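Student: First the structure, then my questions, so here it is.
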Amino acid sequence: MRSSMKIAFIKPPVGGILGLEMLTFVEPLGPICVAACLEADGHVCKVLDLRIDGEVKGLADCAAFAPDVVGLQCNFTTERNRTVRLAQRIKRDMPNVFIVVGGHDASRDPDWFCHEAIDAIAVGDGEEVMPALVNALRDGRDLQTVEGLWLHRQDKWTFTGHAPARPNLDTYPLPARHLIAHYADKYYINFRKPLALMETARGCPFKCNFCSVWKFHESTFREKSPERVVRELEQISAPNIFITDDIFWMNVKRGEEMARQIKASGIRKYFTVQTRTDIICKFPHLIEQWKDCGSLAIFLGLESVTDEGLKAVNKKNSADNNVRAIQILKDLGVGFTPNFIVDPSWDRDDFKRLRDWIETMGAYNSGFSILTPLPGTDLWDTAKQDVNTHEWEMFDIVHTVLPTKLPLEDFYEEYSGLWQHALNVRYRMKGKLKTYVQLGAALATRKVTLKAVRSGMNIAKVFSKPETFLRAHQ
């Protein structure tokens, strides 16, 4: 019996049709949180980011590490084929290694991952499932006693039951950031670099039909204390922080106390958070308080410019709140990135309505996601019979996998036109020269790499061309 096990966590390489990871390239937060729990039990962990190392070097480093267990993270539907392909290669080259697949996509649709190269699928919070699994493997105990697993045994798959969800997130150890320290300067978002991810809460009480977060967390909402948040921030050297909470400031008192304690600690970061416009409208003082913690930018899932559109996705918000919140952010000088859902059933008038709104509001940072029924969502349950492809790389929210009302060529002409329109509004409001000067300053101060700038500018250009999206349908 061994006192410790060796576990390698692997993030699949970059792939997909458009390589969207090159614009938003963030650290594997899940694996370092799980690894921290395993290290607390005396195990040895290694994190391999194949997006950076490449598959050949990454798997060679994995083999040299000689792990007992390999954990593959599959967070997004677009990563499915890459994940299974890696599992097959690892099983071929290291047949005695126990391979477990986890991550958001694997948890919300484990049936799809029932593949002969995979030994187990972890469903639920990895901090609960993985230590119990690894300890059982070390001790030679029956894995059927470990909750939260789909197990592959004698060509059959069995589920061990739901894993527990720990109410108090403060009891988890701090993320094992030392395992990705050599990658730390490679992560960025929207040209901000280096960037770290931080979680202050899990779950969402809202039930948008296109999202599976609330299902994953069974409609629970769990928070870390302000004291714990400050401890995690003290661990992070990166100047830019993206807070992964799906809705920031759900608990107003906690939001106020976090800001107070962060400010008192002397920590100053560039925070990017995600929240709802109704929260901004009700509690604008939170924006002012968090501005005092350094700098602040907000990602807003506006989804629609009409009440009817918001109701269609069960957003439980109003178009008026969207307008008022943006005005509040403008008055406070806080940057914002709105995102909208483009429905394949739209006609040309729907696209024009959104273009006019962006023009009126000056929302030049807008992004546009095509309504996509992802496995594990309510939308999938109601629309899966209409899905016209199971080529999972197409489920990247910039390709339609549902029939369009307009001819496909016309739909993508309008869709790409949204990206071009937002770019034109940016140039009119900020000036083309000023935009490029700001990028040049970011390069000079090494906040972003030349490769990232080229990728980002290239994506802005290619998204403005309908053939960019049509190509995948041919």
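The values are calculated or read from the model by the stated rules, or taken from the named source; none is laboratory data. Here the structure is a predicted model, which is why all the values come from computation and not from measurement. Quick reminder, even Gly has a Cβ in these numbers, built from the backbone with ideal geometry, and neighbours come from all protein chains shown. SASA here: full protein model, heavy atoms, side chains in, ligands and nucleic acids out. Shrake-Rupley method; radii C 1.70, N 1.55, O 1.52, S 1.80 Å.
Student: Sort 34-46, 65-77 for me by packing, meaning the mean count of neighbouring Cβ atoms within 10 Å per residue, highest on top.
Tutor: So the peptides 34-46, 65-77, ranked by packing, come out 65-77, 34-46.
Student: Next question, about the same structure. Could you name the lysines in cross-link range of Lys352, using Cα to Cα under 18 Å and dropping any fewer than eight places away on the same chain?
Tutor: Answer for Lys352, where 18 Å is the Cα cut-off: Lys405, Lys465, listed by chain and number.
Student: May I have the convex hull volume per residue, in Å³, for the Cα set of the range 1-157?
Tutor: 105 Å³
Student: Additional query: Have a look at the DSSP beta bridges in the range 79-174 and tell me what percent are antiparallel, nearest 5.
Tutor: 80 percent
Student: Have a look at Ile358, His390, Phe340 and report the one farthest towards the positive end of the charge dipole of the range 309-409, computed about the Cα centre with Cβ charges (Lys/Arg +1, Asp/Glu -1).
Tutor: With unit charges placed on the Cβ atoms, the residue in question is Ile358.
Student: State the Kirkwood hydrodynamic radius of the range 138-218 in Å, one decimal place, computed from all pairs of distinct Cα atoms.
Tutor: The answer is 17.0 Å.
Student: Could you estimate the translational diffusion coefficient of the range 46-130 from the Stokes-Einstein equation, with Rh from the Kirkwood formula over C-alpha pairs, at 10 °C and 1.306 mPa s, in whole µm²/s?
Tutor: Taking Rh from Cα pairs, D becomes 122 µm²/s.
Student: Okay, moving on. Quickly rank 371-377, 347-353 as a protection proxy: mean count of other C-beta atoms within 10 Å, highest first.
Tutor: Result, highest mean Cβ count within 10 Å first: 371-377, 347-353.
Student: Moving on. Give the residue list of GluC sites (Glu not before Pro) in the range 251-358 that are DSSP loop and have at most 12 other beta-carbon atoms within 10 angstrom.
Tutor: Here no loop site has a sparse enough neighbourhood.
Student: If you fit an axis through the alpha-carbon atoms of helix 80-93 and take the longest principal axis of the Cα set of the chain, what angle between them do you get, 0 to 90°, nearest 10?
Tutor: Approximately 30 degrees, to the nearest 10.
Student: Quick one: pull the percentage of alpha-carbon pairs in the range 161-312 with a separation above 18 Å.
Tutor: 62 percent
Student: Follow-up. If packing is taken as the mean number of other Cβ atoms within 10 Å per residue, what is the order of 291-301, 176-186, 160-170, highest first?
Tutor: Packing proxy ranking, top to bottom: 291-301, 176-186, 160-170.
Student: Could you state the angle between the C-alpha long axis of helix 348-361 and the longest principal axis of the C-alpha atoms of the chain, as a value from 0 to 90 degrees rounded to the nearest 10?
Tutor: Approximately 80 degrees, to the nearest 10.
Student: Now for a different question. Past the 26 angstrom mark, what percentage of all C-alpha to C-alpha distances in the range 72-187 do you count?
Tutor: Here the long-distance tail beyond 26 Å is 22 percent of all Cα pairs in the range 72-187.
Student: Which whole number in µm²/s is D for the range 233-315 by Stokes-Einstein, with the Kirkwood Rh taken over Cα pairs at 10 °C and 1.306 mPa s?
Tutor: 115 µm²/s
Student: Report, in debye and to the nearest 20, how large the dipole of the range 88-194 comes out about its Cα centre when Lys and Arg carry +1 and Asp and Glu carry -1 on their Cβ.
Tutor: 440 debye
Student: Bin by bin, in steps of 10 Å, what percent of the Cα pairs in the range 1-84 do you find, going until the bin that has the longest distance?
Tutor: 17, 48, 27, 7, 1
Student: Please list the three semi-axes, largest first and in whole Å, of the ellipsoid equivalent to the range 292-420, using sqrt of 5 times the eigenvalues of its alpha carbon gyration tensor.
Tutor: Computed over the range 292-420, the values are 28, 17, 14 Å.
Student: In straight Cα distance, which lysines are under 20 Å from Lys186, not counting same-chain residues fewer than 8 positions off?
Tutor: By straight Cα distance, Lys186 reaches Lys11, Lys46, Lys57, Lys269, Lys447, Lys451.
Student: Restricting the count to DSSP beta bridges whose residues both fall in the chain, what percent are antiparallel, rounded to a multiple of 5?
Tutor: Within the chain, antiparallel bridges account for around 25 percent of the total.
Student: Determine the equivalent ellipsoid of the range 286-335 by diagonalising the alpha-carbon gyration tensor, then write out the semi-axes as square roots of 5 times the eigenvalues, largest first, rounded to whole Å.
Tutor: 25, 10, 8
Student: With +1 on each Lys and Arg Cβ and -1 on each Asp and Glu Cβ, and nothing else charged, work out how big the dipole of the chain is about its Cα centre, in Debye to the nearest 20.
Tutor: 1620 debye
Student: Using the heavy atoms of the protein chains and a 1.4 angstrom probe, tell me the accessible area per residue for the chain in square angstrom.
Tutor: That works out to 43 Å² for each residue.
Student: What translational diffusion coefficient, in µm²/s and rounded to a whole number, does the Stokes-Einstein relation yield for the chain at 37 °C and a viscosity of 0.692 mPa s, taking the hydrodynamic radius as the Kirkwood radius over Cα pairs?
Tutor: 140 µm²/s
Student: Angle between the Cα long axis of helix 226-235 and the longest principal axis of the chain, 0 to 90 degrees, nearest 10?
Tutor: 80 degrees
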